[in-house]
2 protein chains.
Amino acid sequence: MFDNWAMTRMALLVLMLSGLAWAAGLMPAPAKLTEGQGRLAIDRAFTAGAGGCADPRVASAAARLVARIAAKTGIPIPEPRGATTGRPVLSIRCNSAGDEDESYTLVTTAAGATLTAAQSIGALRGMETFLQLVAADGDGFAVPAVRIEDRPRFPWRGLLIDSARHFLPIEVIKRNLDGMASVKFNVLHWHLSDDQGFRVESKVFPRLQQLGSDGLYYSQDQIREVIAWARDRGIRVVPEFEMPGHATAILAAYPELAAAPGPYQIERAWGIFDPIMDPTNEALYTFLDGFLGEMSGLFPDPYLHIGGDEVNGKQWTASPRIQEFIRQHGWKTNHDLQAYFNQRVQKILTRHGKRMMGWDEIFHPSLPKDIVIQSWRGQDSLAETSRQGYQGILSFGYYLDHMQTAAFHYAVDPLAGKAASLTAGEQARILGGEACMWAEYVTAETVDSRIWPRAAAIAERLWSPQSVTDVASMYQRMEAVSRDLEWMGLKHRANYLPMLERMTGGYPVEPLKTLVDTLEPVKLYARSQARPYTSATPLNRVVDAARPESAVARECLASPALARRWLARLRDQYAELRPALRSSFLLKEIEPVSADAAALGQAGLEAIGYVERKQRPPQTWIQQANALLERASKPRAEVVIAILPVVRQLIESASRLP
Amino acid sequence: MFDNWAMTRMALLVLMLSGLAWAAGLMPAPAKLTEGQGRLAIDRAFTAGAGGCADPRVASAAARLVARIAAKTGIPIPEPRGATTGRPVLSIRCNSAGDEDESYTLVTTAAGATLTAAQSIGALRGMETFLQLVAADGDGFAVPAVRIEDRPRFPWRGLLIDSARHFLPIEVIKRNLDGMASVKFNVLHWHLSDDQGFRVESKVFPRLQQLGSDGLYYSQDQIREVIAWARDRGIRVVPEFEMPGHATAILAAYPELAAAPGPYQIERAWGIFDPIMDPTNEALYTFLDGFLGEMSGLFPDPYLHIGGDEVNGKQWTASPRIQEFIRQHGWKTNHDLQAYFNQRVQKILTRHGKRMMGWDEIFHPSLPKDIVIQSWRGQDSLAETSRQGYQGILSFGYYLDHMQTAAFHYAVDPLAGKAASLTAGEQARILGGEACMWAEYVTAETVDSRIWPRAAAIAERLWSPQSVTDVASMYQRMEAVSRDLEWMGLKHRANYLPMLERMTGGYPVEPLKTLVDTLEPVKLYARSQARPYTSATPLNRVVDAARPESAVARECLASPALARRWLARLRDQYAELRPALRSSFLLKEIEPVSADAAALGQAGLEAIGYVERKQRPPQTWIQQANALLERASKPRAEVVIAILPVVRQLIESASRLP
């Protein structure tokens, strides 16, 4: 199932993609693309028909495709009613129902389009490509004449969504599944249990949701609804239930399973906490057998993820009884105890028909080879497990909550580092990767903007040939994907202005938008160090509205004309914003940032003036400008001024004048 | 039920409203408001409890209120779980369940808030007021200390939504019901049948939806869902089924009921069409008895609207048999025949427990006094029917599809014109009014932006005391309402940028936004004269994205500084927009508008220069400027440049210089 495609067959990439205006919407880039002659007009007569596909998902995806093209174009294309006669505009064929082979061929001409796939899953993937090709030209909406032969580089292309730290209603999950399908992700890794919450209804152990969720959990019907929604879109759902650590919510319901006496409360803060299960307690395995048995029935995917990361072991170390257990077995460390626990759990999962997944920490030679290791540690760690015969996926470098740029994630390849020198057989055990949306600092309102559009860059890394690395092309196409996602109901753009308006109240929002367009949240773990956060802390501040990556800052670095315009705006925004800054408690913290951004705008424009006049600025100006750069480069209110490097360049250019 | 409140008791209005920053969100303005001392902080501990209200709608509205405050503020207020202990922050009391008395008293202090109402419906209204009071100040979110005694001026405050011309999915109806409740509308007048479609599932006559709807209709379950949704929010649902004209869709299903031989097809164009029912055919009344009987069971409201407008009578005139029928009865005109038809229908409706409503045209002294006349003709017509003992509501002046300003609608009073000189008893028969959202030129994507926020001005006219007429205050508060509506899921703002991005494709959207922010669609019926439209015509052009009323144009008229900034932006947008104008077929038509807007920006800035320098411009400049004004004032692409009056003022000022 998870054979990697031979890399040599992947070298067919058509890098000219970025040169074709109409290809600007294709993401991930297809493996092979050949341009044809002409265009296929998309109008009210558009139809999509799935003949000969035994899988009913294809017909329903075709019906959705028609509705999505209607939404994207604004053309009132009638919904299909009853049996269609004649050849549809887009004719979809697949040889069999199945989820193994995602390859497809899409041929479009002025007369119509044909999508063929060996299996139904390939037809689902190809329809997403067709939708991305729809664009307005001078005469109307159309799809260019093209031949695309496409297949994924990796079979496991996932997105982890953490519903434990902040509960996310199923509408949020469903719309993100729509977004995932559009960029050909195929695994939703659903993080459903952690210290801060247990999020699934258990009928066998109802105390889990009663005492572990604050009432914020998914019913089993909702879980089934999400799984069906995902399956319709060719996406698997792998649930994760963290154990033996990150399990405070479970231990709040069942303190007797912990390594230290309870009672336990749902954890409200973020971090790594002490409560942990007691692997020496046979009752734990009885519980896990019942619990994992129930969850194995609820989640049909062959895999179940047990977490296993960040075990601090303090409760184990503090317990003479547990330390004695370790000694009796001849082990040396708490990690050996965790390995024992994992072996027990793995056997339980096998009995319930599941293959076990876990983070790096579960790796231990005592476990069978059918488990999958998810690596937050990196490609070298992954290479090591692969060499020892284990399958793995990469998440190192794909943490969306770290607020890195899309280019940063795009440059992370699962087969880089020590993984690059693995044998082909070893590389084949590296199944792909997963973007991770950890939810300490997101809510239903903001999560879309943290996932999208950056996750599309990771989706392309995992689907497209390894040689697809043009960053400028990636950004151009990511912008088109971002627009397309809006038509599917994602809120990554829609929620931005309302959040800013919440802060400005009755004052004009435009100057705040000008400022925040040039800001970014602090990176990596800086936010956790800035102030004490809990699950009760509102996430309604500028740092929550600011996009992870400022497109304005990026584009200003590339375009002096654009930079000049934005510097002028930044110079002006502070005076315009001042009344709002002083009347809204949500904006007070941002006043020094606004003031410094205005000073940066002014300094940048002055620097441009010096450079244009070829006049070296006075030394005092240079000193003041550098002092401003230093002051303004410090994070405040948990944001950074992302446009600062543009100003630094200008000041340096001016300072270097003879 | 529909007694008007004595106007004298309404004179308690506190016009200082507009002077209170925190009152900026109150719309409609309450009848009486007294300021208190301090503020009630809104934080995570906020709770709302409805003790002693027998009506379960109050408790569910209270739960929604908590969720809506959480959405508006971004504060993660926990959902209420189980029975609450202690006094809630907002304590809601009502004496009885009922929908007659909408009055309420809301008292807020630093210690808590109390909402009291005689009936449950008043509690629902008061909760909307409470939500509008929530705002950010320098210390946090809060509600000011205040005492509000409020009650509506008119008992019938409706919004007509036309689901016939363009079908609107129930999500659209539901979110607009949310919006209606927030500004205290209490009637959804649902226009469900017209020439272009019959939109309700009939189980008795299924051919109606099978042949009359293109598959676009509401199931009876969906209808019940909408009615329940509305009822939860204190809104009645009055269905309208047009007869004997505007009934082509019905006649497509049952051509034998028409005055001329069929077959008939669903009408695709807009206008007044010939197909009409045959009032001389007894089978028609058999059909209507069955049909109206079924619909009377489905829609619980005491009223059912039969339309009755725009009967052109051509088929009646052309039929010797029908003309003979008229002669036999001693009548003179087709209108007498329609009156006969209405009497028959009215008796059928009475039998099914309904009171009949219709447009002006149904008025005839032969009808009983319990019918209600809806007037598109105006207050004089309404006064006449009232004098004759009939109840009526006003829709003249409230047509949202006419793209008039909020100030225009706001100035229309049901008791103006000849209605102003009616006796108190006659005036009491004027129950209120209804805003009308006719749907020839709206889709699910655009309809919210045509209804909101302008409908809020009409809602205030119908709720607040007659003396509330300050236009500046109205616009300020309407802007706050518009923001609040976003948190409820209305799309009037959210869909704007995506629509513009659809047109610009990969080009920057900002210059297009600059332009379209200053444009408005053509007014009244101009669009229908601009080109042939049908239900198949895409509504995805600039005219569809442009807001009915340009806030930028309005604000620039009041603020020279703002005007100067926008003129500079307009001057620049054309050059920036040119690549997109030439690559997207959706933008081609707008190129002359963009070019003229740029010229207006340039001319306006030059005029400012002349005025500031106190230098009279050359005669050739004045001539060219006036020629530009004349050219640019002509609608093109079905839009007008709304900011033009600003430029005209500037040019006139410059031209008048000595």
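The values are calculated or read from the model by the stated rules, or taken from the named source; none is laboratory data. The shown structure was predicted, so the numbers you read here are calculated from the model rather than taken from an experiment. Glycine gets a Cβ as well: all are built from the backbone with ideal geometry, and neighbour counts include every protein chain shown. SASA here: full protein model, heavy atoms, side chains in, ligands and nucleic acids out. Shrake-Rupley method; radii C 1.70, N 1.55, O 1.52, S 1.80 Å.
Kindly indicate whether any position in the range A:429-443 is within 14 Å of chain B (Cβ to nearest Cβ), open to solvent by less than 30 Å² (accessible area, probe 1.4 Å), in contact with a Ser or Thr (Cβ under 6 Å, 6 or more places away or on another chain) and at pLDDT 95 or above. There is no residue in the range A:429-443 that is within 14 Å of chain B (Cβ to nearest Cβ), open to solvent by less than 30 Å² (accessible area, probe 1.4 Å), in contact with a Ser or Thr (Cβ under 6 Å, 6 or more places away or on another chain) and at pLDDT 95 or above. Among the conditions (1) touching a residue at least 24 places away in the same chain (Cβ under 8 Å); (2) more than 14 Å from chain A (Cβ to nearest Cβ), the only one that B:E612 does not satisfy is (1).
In this structure, does A:S182 turn out to be of a type in the set (S, T, Y) and within 17 Å of the chain's Cα centre (by Cα)? Working first, answer last.
Working: of a type in the set (S, T, Y): yes; within 17 Å of the chain's Cα centre (by Cα): yes.
Judged against the criteria, A:S182 is a match.
When the test is whether a residue is closer than 21 Å to B:D178 by Cβ, in contact (Cβ under 8 Å) with a residue 40 or more places away in the chain and part of a strand (DSSP E or B), B:L106 passes it. Entry remark, the range B:191-232: residues being closer than 29 Å to B:V58 by Cα and within 14 Å of chain A (Cβ to nearest Cβ) number 0 in total. Among the residues of the range B:136-166, those that are in a loop (DSSP other than H, G, I, E, B) and within 14 Å of another protein chain (Cβ to nearest Cβ) comprise B:D137, B:G138, B:D139, B:G140, B:R165, B:H166. Scanning the range B:261-286 for residues that are in contact (Cβ under 8 Å) with a residue 60 or more places away in the chain, of a type in the set (A, V, I, L, M, F, W, C) and surrounded by 18 or more Cβ atoms within 10 Å (Cβ to Cβ) yields B:I266, B:W270, B:F273, B:M277.
Does B:A480 count as among the aliphatic types (A, V, I, L, M) and either open to solvent by less than 30 Å² (accessible area, probe 1.4 Å) or within 29 Å of B:A269 (Cα to Cα) (or both)?
On the way: among the aliphatic types (A, V, I, L, M): yes; either open to solvent by less than 30 Å² (accessible area, probe 1.4 Å) or within 29 Å of B:A269 (Cα to Cα) (or both): yes.
Yes: the conditions hold for B:A480.
Taking the range B:178-189, which residues are buried (at least 23 other Cβ atoms within 10 Å of the Cβ) and of a type outside the set (V, I, T)? I'd like the intermediate steps shown before the answer.
Here is the first cut: in the range B:178-189, the ones buried (at least 23 other Cβ atoms within 10 Å of the Cβ) are B:179-189.
Across the range B:178-189, the qualifying residues are B:G179, B:M180, B:A181, B:S182, B:K184, B:F185, B:N186, B:L188, B:H189.
Being aromatic (F, W, Y) and outside any helix (DSSP H, G or I) holds for only one residue in A:F325, A:F396, A:F291, and it is A:F396. Out of curiosity, is B:R87 over 16 Å from B:A123 (Cβ atoms), away from chain A (no Cβ under 14 Å) and either more than 28 Å from the chain's Cα centre (by Cα) or open to solvent by less than 70 Å² (accessible area, probe 1.4 Å) (or both)? Taking the combined requirement at face value, the residue satisfies it. For the range A:328-337, state whether one or more residues are surrounded by 12 or more Cβ atoms within 10 Å (Cβ to Cβ), of a type in the set (F, W, Y) and in contact (Cβ under 8 Å) with a residue 24 or more places away in the chain. No: zero hits. Across the range A:589-623, the number of residues qualifying as open to solvent by 60 Å² or more (accessible area, probe 1.4 Å) and either at pLDDT below 95 or under 16 Å from A:W566 (Cα atoms) (or both) comes to 2. Residues in the range A:206-213 include at least one that is more than 26 Å from the chain's Cα centre (by Cα), aliphatic (A, V, I, L, M) and modelled with pLDDT of 95 or more. When A:T116 is tested against (1) outside any strand (DSSP E or B); (2) open to solvent by 10 Å² or more (accessible area, probe 1.4 Å); (3) away from chain B (no Cβ under 14 Å), only condition (1) is not met.
Taking the range B:444-453 on its own, how many of its residues are under 24 Å from B:P155 (Cα atoms) and open to solvent by less than 10 Å² (accessible area, probe 1.4 Å)? Walk me through it before giving the result.
Our first condition is that a residue be under 24 Å from B:P155 (Cα atoms); within the range B:444-453, this holds for B:451-453.
If we keep only those that are open to solvent by less than 10 Å² (accessible area, probe 1.4 Å) too, we end up with B:451-452.
Going through the range B:444-453 one residue at a time, the tally reaches 2.
Residues that are away from chain A (no Cβ under 11 Å) number at least 1 in the following helices (runs of 4 or more DSSP H) confined to the range B:510-599: B:510-516, B:526-530, B:542-545, B:551-558, B:560-583.
I'd like the full set of residues that are of a type outside the set (D, E, K, R), out of contact with any Pro (no Cβ under 6 Å at 6 or more places or on another chain) and open to solvent by less than 30 Å² (accessible area, probe 1.4 Å), limited to the range B:510-528. Working first, answer last.
Start the filter on the range B:510-528 by keeping residues that are of a type outside the set (D, E, K, R), which leaves B:511-512, B:514-516, B:518-519, B:521-522, B:524-526, B:528.
Now narrow it down to the ones that are out of contact with any Pro (no Cβ under 6 Å at 6 or more places or on another chain): B:511-512, B:514-516, B:518-519, B:521, B:524-526, B:528.
Within the range B:510-528, B:P511, B:L512, B:T514, B:L515, B:V516, B:T518, B:L519, B:P521 qualify.
For the range B:230-260, filtered to residues that are more than 19 Å from the chain's Cα centre (by Cα) and acidic (D, E), the residue that is most open to solvent (accessible area, probe 1.4 Å) is B:E256.
Just name the residue that is surrounded by the most Cβ atoms within 10 Å (Cβ to Cβ) out of those in the range A:486-509 that are more than 10 Å from chain B (Cβ to nearest Cβ) and in contact (Cβ under 8 Å) with a residue 60 or more places away in the chain. The selected residue is A:L490. Within the set B:E440, B:E501, the sole residue that is among the charged types (D, E, K, R) and outside any helix (DSSP H, G or I) turns out to be B:E440. For A:L12, the stated conditions hold: it is more than 30 Å from B:R541 (Cβ to Cβ), more than 14 Å from every other protein chain (Cβ to nearest Cβ), touching an Asp or Glu at 6+ places or on another chain (Cβ under 9 Å) and modelled with pLDDT under 95. Restrict the check to the range B:295-317 and report whether at least one residue is assigned to a helix (DSSP H, G or I), under 30 Å from the mean Cα position of the chain (by Cα) and either surrounded by 20 or more Cβ atoms within 10 Å (Cβ to Cβ) or at pLDDT below 95 (or both). Scanning the range B:295-317 turns up at least one residue that is assigned to a helix (DSSP H, G or I), under 30 Å from the mean Cα position of the chain (by Cα) and either surrounded by 20 or more Cβ atoms within 10 Å (Cβ to Cβ) or at pLDDT below 95 (or both). Within the range B:459-475, is even one residue under 23 Å from the mean Cα position of the chain (by Cα), buried (at least 24 other Cβ atoms within 10 Å of the Cβ), in a loop (DSSP other than H, G, I, E, B) and within 13 Å of chain A (Cβ to nearest Cβ)? The answer is no; no qualifying residue exists. Examine the range A:630-643 for a residue that is under 24 Å from A:A530 (Cα atoms), in a strand (DSSP E or B) and open to solvent by 20 Å² or more (accessible area, probe 1.4 Å), and state whether such a residue exists. Yes, that holds for at least one residue.
What's the total number of residues in the range A:390-412 that are within 26 Å of A:M356 (Cβ to Cβ) and either in contact (Cβ under 8 Å) with a residue 24 or more places away in the chain or of a type in the set (K, R) (or both)? Within the range A:390-412, residues that are within 26 Å of A:M356 (Cβ to Cβ) and either in contact (Cβ under 8 Å) with a residue 24 or more places away in the chain or of a type in the set (K, R) (or both) number 11. So, in the range B:64-83, how many residues would count as being closer than 13 Å to A:A536 by Cα, in contact (Cβ under 8 Å) with a residue 12 or more places away in the chain and more than 7 Å from chain A (Cβ to nearest Cβ)? Number of matching residues: 1.
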